[in-house]
2 protein chains.
Amino acid sequence: MTAAAVPALVEKAREGDPRSVGRLVSQVEDESPLLPDLMRALAPHAGHARIVGLTGAPGVGKSTSTNALIGELRRREHRVAVLAVDPSSPFSGGALLGDRIRMGDHVLDPGVFIRSMAARGHLGGLAWTTPQALRVLDAAGFDYVLVETVGVGQSEVEVAGQADSTMVLLAPGMGDGIQAAKAGILEIGDLYVVNKSDRDGADKVRRDLRSMLGLAERREGAWRPPVLKTVASKGEGVADVVDALEEHGTWLRESGELQRRRVRRARNEIETLALTALRRRWGTVGGGDRLDDLAAAVVAGETDPYTAADQLTG
Amino acid sequence: MTAAAVPALVEKAREGDPRSVGRLVSQVEDESPLLPDLMRALAPHAGHARIVGLTGAPGVGKSTSTNALIGELRRREHRVAVLAVDPSSPFSGGALLGDRIRMGDHVLDPGVFIRSMAARGHLGGLAWTTPQALRVLDAAGFDYVLVETVGVGQSEVEVAGQADSTMVLLAPGMGDGIQAAKAGILEIGDLYVVNKSDRDGADKVRRDLRSMLGLAERREGAWRPPVLKTVASKGEGVADVVDALEEHGTWLRESGELQRRRVRRARNEIETLALTALRRRWGTVGGGDRLDDLAAAVVAGETDPYTAADQLTG
């Protein structure tokens with residue numbers, strides 16, 4: 001692809017052509033040199049989608065819940081995109097078979113776009129590939145963009161940080177209380193959903209979670225994360241979840257928190273891009289390698305790393 | 001502490017006063033504003049110690065092995081410092097009780113200094129606190145500095161990257177082959193030690209490891225990591241480990257790899273300090289917050305993150 005092809009591709013993606021949307025996400029995933037052009041072309045059209053993060057330990061039913069959420073959002077006539085980020089995979093996420101299976105009931109619905117993306121971790125990985133892929137889907141006119149992490153741990157928290165609203169999924173029988181506290185998810189959830197709530201122990205998970213959330217001090221006017229229950233495989237409770245998401249959307253806008261969250265995300269994105277650019281520049285200044293020269297001086301005891309860093313940043 | 005007190009403190013640490021060495025490590029751990037002064041004062045005296053990284057999954061006997069290594073190094077009349085880095089702990093690692101237990105047989109030996117350090121993760125965490133703490137111990141005149149990670153995963157690999165030589169510990173009965181491949185430790189070890197080698201399965205671990213290591217292509221003249229066995233609790237095999245470490249030290253110097261590794265580490269350290277300084281600067285330019293202004297423009301769709309990043313680094 002060349003820079004000249006960018007405007008036409010962006011135009012087709014905005015008209016809802018799924019192949020063009022997919023090609024744009026691939027450009028992000030592949031860390032294409034055209035990304036600055038693409039983001040420049042997309043920027044004026046972004047900012048309208050509701051970005052919802054879905055996170056939770058393996059086994060809580062994330063894919064089933066996503067599938068059920070898509071169904072409910074489609075009933076309400078929203079266009080829906082899903083971005084499944086796999087921070088652990090070194091392989092391309094454009095795996096068609098996996099995405100088709102994930103699409104479940106929605107494989108033929110033109111109002112639904114589902115795509116998985118590997119976060120290879122070059123040059124910052126998740127921190128900048130995710131927001132750029134979300135910008136693609138946002139600018140392509142989807143009303144809801146669900147971002148789901150595959151995998152566990154810190155990366156889930158990071159992906160949640162990319163969303164306007166974060167939904168944390170739990171399920172009975174997984175020692176969830178402790179898991180929750182450990183993973184720091186008590187701080188990131190705007191909405192908690194106990195899935196598989198027809199199973200033993202679901203009420204206990206809900207109760208424990210509510211009491212843990214109740215311990216957190218919240219300012220007046222702050223959002224109090226609801227704890228809902230679903231049986232996603234049967235669609236039970238899913239409409240309530242979407243109601244809660246829409247309520248949270250209203251609160252985000254009215255409280256000013258939406259703007260604050262989006263500015264914080266844009267800050268991180270800009271900062272990561274700036275630091276990446278600087279690291280490239282420092283590696284090859286004036287044909288030589290300035291950082292290598294400074295490093296050799298530190299190793300020789302001729303200077304110290306602080307003085308060297310000052311020289312680098314001028 | 002004030003900047004005026006720096007030269008005297010550094011002088012006392014270089015004379016071998018353990019309290020002064022400990023205070024310097026605390027300054028690093030606490031991310032003291034005096035660090036640039038301290039590093040400037042220490043830089044000319046560093047570069048003589050052999051930095052050895054110890055890594056391995058919980059349960060392989062890291063503390064016992066460290067204790068046995070200290071004993072053998074002391075028999076050879078080396079002064080030894082141990083830095084135990086705990087990347088997961090938010091608490092100060094200057095915990096005296098823990099360190100005294102860790103010192104084991106060496107609590108009264110003035111040629112041994114043991115210190116644990118929390119890596120709080122402010123402003124880059126491990127990436128710059130570890131090299132600075134190692135610089136303190138190096139400049140204080142220890143012949144060997146062992147850096148040991150508490151915890152698991154990526155942070156172990158990071159800590160190993162701070163050492164001249166990295167020793168990977170394994171033990172039978174822990175599914176080590178698979179663990180090894182997963183954690184990427186097959187790439188980081190200069191020396192592999194199967195501890196608890198009087199237990200069932202030790203020979204199999206050794207064999208599996210050797211065959212996995214044998215698959216790696218190595219250039220001519222490259223170091224071939226030996227796979228040794230110990231029973232650290234009885235001191236068995238420990239002299240062989242120290243012999244192998246000294247052999248690796250000779251190879252590092254003669255092959256030029258020592259210089260390459262140290263330059264690479266200094267590069268990372270300088271880069272991290274430079275990026276930290278820039279992030280601070282971007283946060284507060286001209287009394288306002290330049291990054292916030294750019295982020296708001298990105299959110300409004302008035303600009304894109306690449307253009308914003310260019311403006312920041314301009």
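The values are calculated or read from the model by the stated rules, or taken from the named source; none is laboratory data. Not measured: the values here are computed from a predicted model. Cβ: placed from backbone, ideal geometry, glycine included. Neighbour counts: every protein chain shown. These area figures cover heavy atoms from the full protein model, side chains too; ligands, DNA and RNA do not enter into them. Shrake-Rupley method; radii C 1.70, N 1.55, O 1.52, S 1.80 Å.
Any residue in the range B:61-82 that is among the acidic types (Asp, Glu), closer than 30 Å to B:Leu191 by Cβ and in contact with a Ser or Thr (Cβ under 9 Å, 6 or more places away or on another chain)? Before the answer, list the steps.
Residues of the range B:61-82 that are among the acidic types (Asp, Glu), as a first pass: B:72, B:77.
After this cut, where a residue has to be closer than 30 Å to B:Leu191 by Cβ as well, the list is B:72, B:77.
Now drop any that are not in contact with a Ser or Thr (Cβ under 9 Å, 6 or more places away or on another chain), which leaves none.
Checked against the condition, which is being among the acidic types (Asp, Glu), closer than 30 Å to B:Leu191 by Cβ and in contact with a Ser or Thr (Cβ under 9 Å, 6 or more places away or on another chain), the range B:61-82 yields no hits at all.
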Out of the residues in the range B:6-22 that are open to solvent by 30 Å² or more (accessible area, probe 1.4 Å) and not in a helix (DSSP H, G or I), state the one that is nearest to the other protein chains (Cβ to nearest Cβ). B:Glu15
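Any idea which residue in the range A:255-314 is nearest to the other protein chains (Cβ to nearest Cβ), counting only those that are among the acidic types (Asp, Glu) and closer than 12 Å to B:Ala266 by Cα? Walk me through it before giving the result.
To start, the set of residues in the range A:255-314 that are among the acidic types (Asp, Glu) comprises A:257, A:269, A:271, A:289, A:292-293, A:302, A:304, A:310.
Okay, now just the ones that are also closer than 12 Å to B:Ala266 by Cα, so A:292-293, A:304.
Details: A:Asp292: 6, A:Asp293: 10, A:Asp304: 4 Å.
The residue in question is A:Asp304.
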Could you list, in sequence order, the residues of the range B:22-74 that are touching a strand residue (DSSP E or B) at 6+ places or on another chain (Cβ under 7 Å) and over 23 Å from B:Ser165 (Cβ atoms)? B:Gly22, B:Glu29
Among the residues in the range A:260-273, are any at positive phi and touching a helix residue (DSSP H, G or I) at 6+ places or on another chain (Cβ under 8 Å)? no
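Just a yes or no: is a residue in the range B:298-313 open to solvent by 80 Å² or more (accessible area, probe 1.4 Å) and touching a residue at least 12 places away in the same chain (Cβ under 8 Å)?
Our first condition is that a residue be open to solvent by 80 Å² or more (accessible area, probe 1.4 Å); within the range B:298-313, this holds for B:302, B:310-311.
Cutting the leftovers down to touching a residue at least 12 places away in the same chain (Cβ under 8 Å) gives us B:311.
The answer is yes; a qualifying residue exists.
State all residues of the range B:262-297 that are of a type in the set (Gly, Ala, Ser) and either open to solvent by 30 Å² or more (accessible area, probe 1.4 Å) or closer than 30 Å to A:Val298 by Cβ (or both); if no residue qualifies, say none.
First pass over the range B:262-297, keeping only residues of a type in the set (Gly, Ala, Ser): B:266, B:274, B:277, B:283, B:286-288, B:295-297.
Within the range B:262-297, B:Ala266, B:Ala274, B:Ala277, B:Gly283, B:Gly286, B:Gly287, B:Gly288, B:Ala296 qualify.
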Going through the range B:232-260 in order, the residues found to be under 17 Å from B:Gly221 (Cα atoms), open to solvent by less than 40 Å² (accessible area, probe 1.4 Å) and either free of Cβ contacts under 8 Å to residues at least 24 places away in the same chain or within 17 Å of the chain's Cα centre (by Cα) (or both) are B:Gly249, B:Gly256, B:Leu258
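Test of understanding: among B:Thr55, B:Thr64, which residue is surrounded by 23 or more Cβ atoms within 10 Å (Cβ to Cβ), in the same structural domain as B:Leu146 (by TED's automatic domain parsing) and in contact with a helix residue (DSSP H, G or I) (Cβ under 8 Å, 6 or more places away or on another chain)? Give the steps one after another, and end with the answer.
Details: B:Thr64 fails: surrounded by 23 or more Cβ atoms within 10 Å (Cβ to Cβ).
Result: B:Thr55 is the single residue among B:Thr55, B:Thr64 that is surrounded by 23 or more Cβ atoms within 10 Å (Cβ to Cβ), in the same structural domain as B:Leu146 (by TED's automatic domain parsing) and in contact with a helix residue (DSSP H, G or I) (Cβ under 8 Å, 6 or more places away or on another chain).
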Considering every residue within the range B:23-31, establish whether at least one is surrounded by 19 or more Cβ atoms within 10 Å (Cβ to Cβ), in the same structural domain as B:Asp143 (by TED's automatic domain parsing) and polar (S, T, N, Q). no
I'd like the residue in the range A:39-52 that is within 9 Å of chain B (Cβ to nearest Cβ) and either under 14 Å from A:Val6 (Cα atoms) or touching a Ser or Thr at 6+ places or on another chain (Cβ under 6 Å) (or both) and, out of all such residues, is most open to solvent (accessible area, probe 1.4 Å). A:Arg40
